[in-house]
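The values are calculated or read from the model by the stated rules, or taken from the named source; none is laboratory data. Being a predicted model, the structure only gives us computed values, none of them experimental. Positions of Cβ are generated from backbone atoms using ideal geometry, with glycine treated the same way; all protein chains shown enter the neighbour counts. To get the accessible areas, we keep the full protein, side chains included, count just its heavy atoms, and leave off ligands, DNA and RNA. Shrake-Rupley method; radii C 1.70, N 1.55, O 1.52, S 1.80 Å.
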Number of protein chains: 2
Amino acid sequence: MNPPVPSPAVSLIDVLVVGAGPAGLTTALGLTRAGIKVRIVDIRAQRVLAGHADGVLPRTIEILDSYGISNELLRKGHYVNAFSNYNHDPPTGGIKVGIVSFYYLRYAGKFPAITEPTARYKHAVTHHQGFIEGLFLSGLKDAGVLVERPCEPVSLELSSNEDELKDPTSYPVKITLEHHSAAPGMHSSETVCARFLVGADGAHSWVRRTLGIPMEGDSTDRVWGAIDFTPLLSSNFPDWRNVATVNAADGGLMIIPREDNKVRLYIELSNVNEFEHDERGRLDTSTITADKLLDIARHVLKPYTLETTLDKVEWWTVYVVGQRVAARFCDQGRAFITGDACHTHSPKGGQGMNASVNDGHNLAWKLAYVVKGWSPMALLDTYEAERRTFAQELIAFDKWFAEGFSAKARAKLVEDGSDVVLPGPLEAFGTFSGLTTGLGIQYAPSIITSQVSHAANGVKTEISPFTLTVGKRVPPYAFVRVADCRPINLQDALPSDGLTKLIVFAGPLTSLEEKNRLVEVERALRNILDAFGADRFLLLVILSVISDDMNYMDVPVGLRKDWTSVLVDAVSAFSKDSGGAYTAFGVPAAGQLVVVRPDGYIGTIVELSEMQRLGEYLRGWML
Amino acid sequence: MNPPVPSPAVSLIDVLVVGAGPAGLTTALGLTRAGIKVRIVDIRAQRVLAGHADGVLPRTIEILDSYGISNELLRKGHYVNAFSNYNHDPPTGGIKVGIVSFYYLRYAGKFPAITEPTARYKHAVTHHQGFIEGLFLSGLKDAGVLVERPCEPVSLELSSNEDELKDPTSYPVKITLEHHSAAPGMHSSETVCARFLVGADGAHSWVRRTLGIPMEGDSTDRVWGAIDFTPLLSSNFPDWRNVATVNAADGGLMIIPREDNKVRLYIELSNVNEFEHDERGRLDTSTITADKLLDIARHVLKPYTLETTLDKVEWWTVYVVGQRVAARFCDQGRAFITGDACHTHSPKGGQGMNASVNDGHNLAWKLAYVVKGWSPMALLDTYEAERRTFAQELIAFDKWFAEGFSAKARAKLVEDGSDVVLPGPLEAFGTFSGLTTGLGIQYAPSIITSQVSHAANGVKTEISPFTLTVGKRVPPYAFVRVADCRPINLQDALPSDGLTKLIVFAGPLTSLEEKNRLVEVERALRNILDAFGADRFLLLVILSVISDDMNYMDVPVGLRKDWTSVLVDAVSAFSKDSGGAYTAFGVPAAGQLVVVRPDGYIGTIVELSEMQRLGEYLRGWML
C-alpha cells in the first residue's frame, strides 16, 4: 500500500494523538519511548494551570517511575498517608438545650490510606493536574516532541476499505487540523494522514462523537462542588493534611490535602435547600459561588472553623456526577479513545487521571508493536478488552463509594445512634483497595496474558501477596546487583522502553555445573529470541545465590546486556532489605522464566526446562 | 562607619567569594540561603567539564540534601557500595616455570564501603566535579546569583585600621577585579569593597598568596597518574563497578567507578622504571601520556584485561602528592580561605571536594550571622578552629592511607607470603571511617559547641551510635509527622536556611496536664528567644507519644511554625521504620532541648527544667 502523496499541507504520521491531558500525554510518551513517531495536538492554548484532577495513586506512581518522570512529583507533591473520619455526633454525645439538640462532628480515628502489602508507595501523592501534565511534557520535550496547541481537529475520515484497514502500513485515518496560532507562512489548516488515531480529548470527546461511539450509563442526581483553597492558620480544623471524610447531620464533604498547604474540598450540594431547582427538579448551579461553597463547608465542619479569604481560592467548579462507559474503545482497529473520553465517574474516588494514565500506558506499547511490524493488528483488540473491563469495575466502585455519602446512609447512622468508625466511603476504599490503588489489577487471559505452562501453573499457588501472577504487575522487590553490590528494586530494572522483558530466574551460580547449566539456558533462549528478533527483548538474570569466586561475567554473555543485567536474591552486607524473593515470588529453586509485557504486567511464566512454551506464547502475539 | 562612596566602577558587597569550585560555591549558596548578598567570581571561563574530583561521601550528601540539591546527584551518579581488593598472589599460588615465577593478581573479597551505623547513605556517589558544581550553580541561579566569569582578581588591600576591622559594618576589603569578557559599555575593571572576602581559589590560591599565608608540610616523593575512561565490554576485569585497590608485585592502582560506565584509575608511577628522572631524582612527568598510563594499568591488572581506545579517554593528569595545611585560614578576621586553598593531600582518599564543601558549609552561616549583626566577630574564629583541626586530621589519614600503597609495604606482603585480605589502604579507610565518611566529625568545645548543662551532660553516655552528642551532626532518624502521618527523616526537618534550630523533645502529649506542661515550656522558651529575636530560630517539637484524642494543634502555637513542626517518636501504622528515638538518642522520657547550629551540628543540650542554660549558651555567641 503506497502512502498518499503529501501536498504541502498534507503530512503523514504513524500515530496522531488528539488531546494533551494525562491520557493523551501518557500515550504519546509511551509511543515516543518505544521509538514511534507521534504528534500530539490540543485545542487548549496552554496546559491546565489549576484544579482538575490532583491525586496520583500508588500504581500510577510506579508507572511514572517506569518512565523516569516521578521524581519532581515525589519531591513536591503532598503525600496522603492517612484517611481520617469525622462523623455526626449522635444527640447523646451532643448538647441538648431544651428540646433543641446541637449536633457536633466527632473525630472517629484515622487509618493508613494504602494498605496493599505490595505497595511500593504507601501513600498517594497530590498535586494539581497541570503539574502532572508537566512531568509528561518534560519527558516528551526531551525526545523533541512538543504539543501543538491551540490546534482543533475539524474533520475526520476513517477509510472503509477493508484491505486498507487490514494493512498496518496504510494511512486510513485522514484528519483536518486547524492551527489557531500558526506562525506566518505556515498553513493554518492541515490535513494529516495517520496510521492510527488516539482520541484523548476528554469527557466531551470530539473524536468519540465524530466516530459515533455512544456512552452507556446514566448521570446521577448527585451534585457536588469542588474547590481548591488555602486555609488560614487560624482555622482550627485539625485535619487539613489528611484525606478526611466528614459526615455531618445535614451535609457531607471530603477533604483532599494538596501541595503548598492547599486543600481540595468536595462538597455535597444535592441536599442544600437554599439553591434553586429547575423545572425538572435539578439543582440550578448558576447561582453557586465560591463563597457559597465555603459557607456550606463551614456549616458542615462545625464546631471546627474553616477560615480563608476569597483571594486564597485557586479554582472551583460544580458538577453532576455521571457514571458512564463508552460502548467501544476502538473503531475499525484504527481509532482509539482513552481516558475521560471512555469513562466518566465521580472524581472523589481520585480515579479519573489515574485511569487515564493507565489507559495510555496500556495502549501505547501495543500501537508501537503494530506500527513496528512486530505484532499483528489483533494485539490492539486487547486494549479494549483490558481497559473497558477496568472502567466497568471502576463504575461499580464509584457507585458503592458514592453511596456512603448519601443523605439516606447518613440519616441511618444518626437514627441508629451508630458508633461506626468506618462508614461507607472508607469501607469502599478498603474493599476496592486493589482497584483504587491500581495495584490489584489483574488482566484477564488473552493472547498476551496467558498461562501457557502447566508446570508453571502448578507452582503458582499464591503463597504471598508478592507471588508472581500472570496478568498482574511485577511487584517491587529489592535485589542486589552483582557487579556493583547496589540494592536495586526489580521495578527499576523494567523501564517503559517498549521492550518485552525476560526475567531469567536462573537459580544458584556457585559451581561450574551451574555455570554450564546457564549456558544451556542461553542456548535454548537464543534460538527462540533470534527467530523474533533479539532487539525486541531486554534480558535480566536473577540468581538465587552467587558464590564469592563467581562474578557477573560468569553469566553467559547472551543472557546479559551489560553489567547491570545480573541481580541476586540475597540478604547481604550490601542490602538489609533484600533476600527471600524466590520464596515470596513462588519461583522454584531451580529457576523459572517470567515474561513481562512492556507495560510491566506479567505475560506468562515458563519453566526453564520447557523453553518451547516461550516460543508458543510469543507466536500468539508476535510476528 | 560610613561605607565608601561608590564611583561607577566601585561597588559594595557584603561577601565576595573568589573561586567557583566546590568550596566557593558552597560558601556562596550557604550565604544566599541565609539571605546575605554575595558575589562570586571565577577566573575560568566555564566550570570544570571533566575529571578532577568525583567522589561525594555520605556526610557531604547529607549537606547537599540540606540545601535541597542532592536530587540529581542521587539519580545520575554511580553508587559506591563496595570496596573490592586484589592482591599480588604469592609465588606458591602462582605458576613457576624453571626459576621464573609468574605472579598473578588474586581477588581478595569485597566489603561494604560505608559501615558507619548512622550513615543515612550507605554508599558514596561519584560524578565528575563539573556535574557537582552544577548542583550548586542551579541553587544559586534560583536565587538570582550567577558566577561572574572569566573574572580575575588583580589587587587586594585589607585595611589595617583597627577600628575599621573591629566594626562588622565596615568594608575593609578592597579588591580590583578584571572582567575579561565584559559586555560593551561595562567597565572591564572594577573595584569592589567588601565586608568579608572568601578565597576559594584552589591549591595555588591567589588570595592566600596575596595575604601571605604560608602552607605548612611537604610534598612527598609519590607520583601518581589519574585517568578517566570507559572500558570496552570486552575487558574481562570484573570489578570496574566497585572501588577496587589492586596491589600487584611491581605496581599498584585504585579503581573508582563513575557515572555512565566510566572509570577513574589512580596509578602509582613512582616505581615505574621506564620514565626519566630529573637531576634531583624526581620523575620527569613530561614524557607521560594517556597511552602510557593505560599500559602501566594493563600491566598491573594482569591476568585481567583492560580494553579501551584513546577516544574513550575523557581526562587524565599526573601529580606529585603534597600534604600541606595553610598556617592560618583567616586574615584579620576579614579574609578567609577555604577548600584546596587551605589543604592539599592525595586525591585517592576522595576527600578534597568533600572537605571543601564542608569548609564552605561551616563558614557560610558564621559569616551570615556576623553580617546580619546577630553574632559578634568572635564567631568567625571558630571557622579556623574547627576546619583547620579537621584538615590536620585529614593529612594524618592521608599519610596512613598512602602508606598502604607503597612498594615497601607491598614487598613485605610478598616476602611474608601473606594472606592478608585488608592491606593498608583499606584498613585506613576502616580506621578513619568516621573521618572519611564525614559522619564521625565532632567539633571541639567552643562558644558555639558547648556542654552548658550538667544535667544534660549526665545522661549523655553513648548508649547508641545515634546518641545526640554536642559537636556532632544530628543523625538521621525516622519520625512520624503528626499532622499528615508522614514518615519524616529528622535531617529533612533541618534545612540549611541559616536558622538555628531548637528541637524541643517535649515528652508525651496524652493528657491535659502534659498539655499544660508544654505551655510552661513555651513560656520559658519565648522569654529567651524574644530577647534575641525569634526570627533567628526554627522550632521543632518531637513528642514521645501522642494520644488519639490529641492533634498537632494541642502543641502551643508558640512552639510550632506551622503544621509541619510537630513530630512524634512512635512506631505506627504509618511508618514501620520509626520509633525508639528517645532511647537511641539518649533523650530522657521527660524531654530535653537540643540546639542545632545552622550547619546541622549540635550546639548544646539542656533540660527543659533549666531553660536559663539556653540563655547562657546563646549569649555566648549571639548578640
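Taking R0 as 60 Å, what's the FRET efficiency between residue B:298 and residue A:497 from their Cβ-Cβ distance, rounded to 0.05?
0.95
What gaps in nm, shortest first, separate residue B:399 from its twins in the other copies when you place the label 7 Å past Cα toward the beta carbon?
8.3
Where the label is 7 Å out from Cα toward Cβ, how close does residue B:588 come to the same position in every other copy, in nm, shortest first?
Here residue B:588 shows inter-copy label distances of 6.4 nm.
Determine the order of B:377, B:254 by accessible area, beginning with the largest, at a probe radius of 1.4 Å.
B:377, B:254
Between residue B:571 and residue A:515, what's the calculated FRET efficiency when r is the beta-carbon distance and R0 is 30 Å? Round to 0.05.
Approximately 0.10, to the nearest 0.05.
Just going by the charge dipole of region A:454-619, with Lys and Arg at +1 and Asp and Glu at -1 on Cβ, which of A:586, A:598, A:527 is farthest out on the positive end?
A:598
Between the label point of residue A:320 and that of the same position in each other copy, find the distances and list them shortest first in nm, with every label point placed 7 Å from Cα along the Cα-to-C-beta direction.
8.9
In A, who owns the beta-carbon nearest the axis carrying A over to B, and how many Å from it?
Chain A residue with minimal Cβ-axis distance: A:71, 4.
Average partner chain C-beta neighbours within 10 Å, per residue of B:158-168?
Neighbouring Cβ atoms belonging to other protein chains average 0 per residue here.
Could you tell me what percent of the accessible area of chain A is made up of carbon and sulfur, with a 1.4 Å probe and every protein chain present?
53
So if we plug the beta-carbon distance of residue B:610 and residue B:583 into 1/(1 + (r/R0)^6) with R0 = 22 Å, what FRET efficiency do we get, rounded to 0.05?
With R0 = 22 Å, the Cβ-Cβ based efficiency is 0.50.
What is the magnitude of the charge dipole of chain A about its Cα centre, with +1 placed on the Cβ of each Lys and Arg, -1 on the Cβ of each Asp and Glu, and no other charges, expressed in debye to the nearest 20?
Once rounded to the nearest 20, the dipole reads 440 debye.
Report which residues of region B:475-491 become buried by 20 Å² or more of accessible surface when going from the isolated chain to the complete set of protein chains (1.4 Å probe; DNA, RNA and ligands ignored).
Those are B:483, B:484, B:485, B:486, which lose 20 Å² or more relative to the chain on its own.
Heavy-atom accessible surface, probe 1.4 Å, ligands and DNA/RNA ignored: which residues of region B:228-245 lose at least 50 Å² versus the isolated chain?
B:238, B:241
Multiplying the sequence separation of residue A:188 and residue A:311 by 0.36 nm and subtracting their Cα-Cα distance, what value in nm do you get?
Between residue A:188 and residue A:311, full extension yields an extra 40.4 nm.
Can you give me the distance in nm between label points at residue B:219 and residue A:169, each placed 7 Å from the Cα along the Cα-to-Cβ direction?
Computed distance between label sites residue B:219 and residue A:169 equals 6.9 nm.
What is the distance, in nm, between label points placed 7 Å from the Cα along the Cα-to-Cβ direction at residue B:46 and at residue A:71?
2.1
Taking square-rooted eigenvalues a ≥ b ≥ c of the alpha carbon gyration tensor, is region B:577-623 rounded, prolate or oblate, where a/c under 1.5 means rounded and, failing that, a/b exceeding b/c means prolate?
oblate
Averaged per residue, what accessible surface does chain B expose to a 1.4 Å probe, in Å²?
Computed with neighbouring chains in place, this is 38 Å² per residue.
Quick one: work out Rg over Rh on the C-alpha atoms of the protein assembly as shown, Rh as Kirkwood radius.
The Rg/Rh ratio comes out at 0.98.
Using a 1.4 Å probe and counting only protein heavy atoms, how much accessible surface gets buried when B and A come together, both sides summed, in Å² to the nearest 100?
Buried area between the two chains comes out at roughly 2800 Å².
When only DSSP loop residues count, what trypsin sites (Lys or Arg not before Pro) in region B:550-600 have their Cβ near at most 11 other Cβ atoms within 10 Å?
Those that pass, being in a loop and sparsely packed, are B:576.
How much length is gained if the chain between residue A:160 and residue A:523 is pulled fully straight, taking 0.36 nm per residue apart and subtracting their Cα-Cα distance, in nm to one decimal?
126.0 nm is the gain from fully extending residue A:160 to residue A:523.
Taking 4 °C and 1.567 mPa s as the conditions, I'd like the Stokes-Einstein D for region A:454-619 in µm²/s, using the Kirkwood hydrodynamic radius from alpha carbon pairs.
Translational diffusion coefficient: 82 µm²/s.
Could you give the size of the charge dipole of the protein assembly as shown about its Cα centre, using +1 on the Cβ of each K and R and -1 on the Cβ of each D and E, expressed in debye and rounded to the nearest 20?
So the dipole magnitude of the protein assembly as shown works out to roughly 420 debye.
Convex hull over the alpha-carbon atoms of region B:170-266: what's its volume per residue in Å³?
In region B:170-266, the Cα convex hull volume per residue is 209 Å³.
Between rounded, prolate and oblate, where does chain A land on the alpha carbon gyration tensor, with a ≥ b ≥ c its root eigenvalues, rounded for a/c under 1.5, else prolate if a/b exceeds b/c?
Oblate, because a/c is 1.5 or more while a/b does not exceed b/c.
Looking at the square roots a ≥ b ≥ c of the eigenvalues of the Cα gyration tensor of region B:275-363, which shape do they give, rounded for a/c under 1.5, prolate if a/b is larger than b/c, or oblate?
prolate
For residue A:292, give me every one of the lysines with a C-alpha distance below 22 angstrom, ignoring sequence neighbours fewer than eight places off in its own chain.
Within reach: A:262, A:302, A:312, A:348.
Considering protein heavy atoms only and a 1.4 Å probe radius, which residues within region B:526-556 exhibit an accessible-area decrease of no less than 20 Å² in the full assembly relative to the chain by itself?
B:548, B:551, B:552, B:553
Peptide A:77-85: average number of partner chain Cβ atoms within 10 Å per residue?
Mean inter-chain Cβ contacts per residue within 10 Å come to 4.
Put +1 on the Cβ of each Lys and Arg and -1 on the Cβ of each Asp and Glu in the protein assembly as shown; which of B:266, A:158, A:543 then has its Cα farthest toward the positive end of the dipole?
Toward the positive end, the furthest listed residue is A:543.
Quantify how strongly other chains surround peptide B:70-76 by giving the mean number of their Cβ atoms within 10 Å of each of its Cβ atoms.
Mean partner shielding for this stretch: 1.
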